Amino acid sequence: MIRWILFVFLVLYIVVPMLMPVIFSFSVFWQDILPQGFTLRWYEAILTRPANYEALLVSLTVASSAVLLNVLITVPAAYALNRMASKWGQRLREGAMILPLIFPPLVVGTALLQAFTRPPLALTGTLWMVIIAHTILGFPFMFRIVLAAFQTIDERTLSEAAASLGANLWQRMRYVLIPNVLPGILSGALLVFAISMGEFEVTSMVAGFTAQTLPLRLFQQIRNDMRVASAITAFLIYVSFLSFMLMSYLGARMRRLRAL
Amino acid sequence: MPDITVTAVRKPMERRKVVWLASFLRAEVLLLLPFLLFLGLFEIYPLINMAVRSLFDTNGTFTFQNYINVFTKPQFRVAIRNSLLFASAASLVGGIGGTFVAALAVRLPSRWRNFLLSLYALPMTLSGLVVAFAFIVLLGRNGVLNLIVRRAFNLPPTVYFNLYDWPGIVMVYAFFQIPLMTLSMAAVFENLDPSLIEAARNLGARPWQVWRYVVIPVLLPGFLAGMSIQFAGMMGAFGTVLALVGMAKNLLSLQIYSHASESTYNLPQAGALAIVLIAITGVALALLSWGARRLARRGT
């Protein structure tokens, strides 16, 4: 009994704070204990005010690009590192996980800021810099999930079995490996997308005025207009929530496949 | 490629090893290349560049002044002290809270356990600003919870939970830290073999002995690993604080941020502060991992 009371309490601990911006964003005003009225005006403000709408587009562009770059870089690397049986392979795998702990986003941001100020790579303050920063931030998450996917399907045994049946590298990739690790790659992609959409700390360091993302806009709105801020906050919560719904669906599918 | 592998299975070991090595050099290194290039160019090079530049002043003269400043200027010394205290407090709250949630989660039927763990994975992707906003609405000066408590006990409006001081800030960060620790510890608790505890009991161990010699040695390495993640994350955190109190609180992370991008713009100084931050985090991680290894050895 106590266990279930605690369970409810723990669920509320996460759900109640997350509901606050959502309720706020749908109400006309909220000064007292209970909010008053229902409106979609604040969501409208995201789409109709150019500064907000542009920030939304920038965020979507950055997040999609960071996902794409991460898939291109991380998936082959996870495949290769999973195959490295030597001590070096182990060290590289662990290093890739520890990297973000030793070099937190704040430090990476400070470093990126001053590394690319001159041609040929004058990237500071451009959209490219934001995309690169988000790719670096997302990489450890992507790497961990994809590596785990390669490990759970026991990629080497599977590949060897396929090879002994005469499948070449391309066929092994196309028909054996990719379909098996696809849920993992998609989960990683969703996680990177959600993190990128909400990222504020590094973005605020490396982004100039040309690359204002939605969270940067939100930071200004928290001081100026709490109601528009509530709609942006709620929108970011929906993005995280949807990503996690999809991820747990993919996770359940992966578990089912493994059980078969 | 495919024929090589097929023949390799049939040929003796020696040949197989050579062939494997050759194919490894061809395919695997090539696959690692984009990753290594990207990381080298956009993470390692900028970090080295930052470390080098922190040894020069804004005019380009070689100097240790930026580092001397870090340890002599009161504003930086206070920032380091505050960061150490804040990171330790937030990690402890997260560590203990997360362990508690994970301990409860593994005792639930698997359906509800998965639900709880999925829910506790959610804050991982949430923006620091989102959480700051949520808590301002909930516990700000006229936040909903403050209003409810004030009405219920008929208190004057001067009484409220202060979100904008250290305890409040730690509490808001707990919203990230507790779930993060929950996820690490849930995996550790699942590895705790119940038959081990049963065996100890059957051998006549008392409850405290079971805890002291069986449960804690199994849990502690995972707990310390989780604490490393907590502490490292908290040393670098500043988004939520910035949204809550601006620059009113003095943290090492906020000092780096303001020297890198705000009015007190001084990149070499920001670089020196960042290097000190890396050093502090590195020492803390090394200590925690040393402790975990020592305990693991004593446990077996």
Working only within the stretch A:234-260, note down all residues that are charged (D, E, K, R) and either more than 10 Å from every other protein chain (Cβ to nearest Cβ) or in contact (Cβ under 8 Å) with a residue 60 or more places away in the chain (or both). A:Arg253, A:Arg256, A:Arg258
Just need a number here: residues in the stretch A:145-177 that are in a helix (DSSP H, G or I) and either in contact (Cβ under 8 Å) with a residue 12 or more places away in the chain or touching a helix residue (DSSP H, G or I) at 6+ places or on another chain (Cβ under 8 Å) (or both). 22
Just to be sure I understand, how many residues within the stretch A:217-233 are more than 10 Å from chain B (Cβ to nearest Cβ) and small (Gly, Ala, Ser)? 1
Determine, yes or no, whether A:Ala115 is small (Gly, Ala, Ser), at the interface with chain B (Cβ under 9 Å from one of its Cβ atoms) and under 29 Å from A:Ala211 (Cα atoms). yes
Matching residues, the stretch A:228-246, being over 16 Å from the mean Cα position of the chain (by Cα) and more than 16 Å from B:Ala243 (Cα to Cα): A:Ala231, A:Ala234
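Residues checked against (1) hydrophobic (A, V, I, L, M, F, W, C); (2) buried (at least 21 other Cβ atoms within 10 Å of the Cβ); (3) away from every other protein chain (no Cβ under 13 Å):
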site: B:Ile216; (1), (2), (3): yes, no, yes
site: B:Ala232; (1), (2), (3): yes, yes, no
site: B:Leu242; (1), (2), (3): yes, yes, no
site: B:Gly246; (1), (2), (3): no, no, no
site: B:Thr264; (1), (2), (3): no, no, yes
site: B:Gly271; (1), (2), (3): no, yes, no
site: B:Leu277; (1), (2), (3): yes, yes, no
site: B:Ala292; (1), (2), (3): yes, no, yes
Scope the stretch B:92-122; condition at the interface with chain A (Cβ under 7 Å from one of its Cβ atoms) and more than 19 Å from A:Ala252 (Cβ to Cβ); matching residues: B:Val101, B:Leu104, B:Arg107
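Mind checking which residues of the stretch A:65-74 are at the interface with another protein chain (Cβ under 9 Å from one of its Cβ atoms), under 14 Å from A:Leu186 (Cα atoms) and out of contact with any His (no Cβ under 9 Å at 6 or more places or on another chain)?
Across the stretch A:65-74, the qualifying residues are A:Leu72, A:Thr74.
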I need the full set of residues from the stretch A:91-126 which are in contact with a Lys or Arg (Cβ under 9 Å, 6 or more places away or on another chain) and under 14 Å from B:Ala232 (Cα atoms), in order please. A:Met97
Name the helices (runs of 4 or more DSSP H) wholly inside the stretch B:1-103 in which the number of residues that are at pLDDT below 90 and not assigned by TED's automatic domain parsing to the domain that holds B:Leu285 is 3 or more. B:2-10, B:13-23, B:29-39
If we scan the stretch A:187-208, do we find a residue that is part of a helix (DSSP H, G or I), more than 11 Å from chain B (Cβ to nearest Cβ), surrounded by fewer than 23 Cβ atoms within 10 Å (Cβ to Cβ) and under 21 Å from the mean Cα position of the chain (by Cα)? no
Among B:Ala248, B:Ala237, the single one that is of a type outside the set (Val, Ile, Thr) and under 16 Å from B:Gln75 (Cβ atoms) is B:Ala248
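If you check B:Leu180 against the conditions, is it at pLDDT 90 or above, assigned by TED's automatic domain parsing to the domain that holds B:Ala225 and of a type outside the set (Phe, Trp, Tyr)?
yes
Before we move on, is B:Ser253 at pLDDT 90 or above and either assigned by TED's automatic domain parsing to the domain that holds B:Ala79 or farther than 19 Å from A:Ile98 by Cβ (or both)? Even if it seems obvious, please write down each step before you answer.
On the way: at pLDDT 90 or above: yes; either assigned by TED's automatic domain parsing to the domain that holds B:Ala79 or farther than 19 Å from A:Ile98 by Cβ (or both): yes.
Yes: the conditions hold for B:Ser253.
From A:Ala167, A:Ala133, A:Ala163, A:Ala149, grab the single residue that is more than 24 Å from B:Ala243 (Cβ to Cβ), modelled with pLDDT of 85 or more and out of contact with any Lys or Arg (no Cβ under 6 Å at 6 or more places or on another chain).
That would be A:Ala149, the only listed residue that is more than 24 Å from B:Ala243 (Cβ to Cβ), modelled with pLDDT of 85 or more and out of contact with any Lys or Arg (no Cβ under 6 Å at 6 or more places or on another chain).
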Within the stretch B:188-195, is there a residue that is more than 30 Å from B:Val144 (Cα to Cα), touching a residue at least 60 places away in the same chain (Cβ under 8 Å) and crowded, with 16+ Cβ neighbours inside 10 Å? yes
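The values are calculated or read from the model by the stated rules, or taken from the named source; none is laboratory data. This one's a predicted model, so the numbers in the text were calculated from it and none came from an experiment. Using ideal geometry, Cβ is built from the backbone for each residue, glycine included, and neighbour counts are taken over all protein chains shown.
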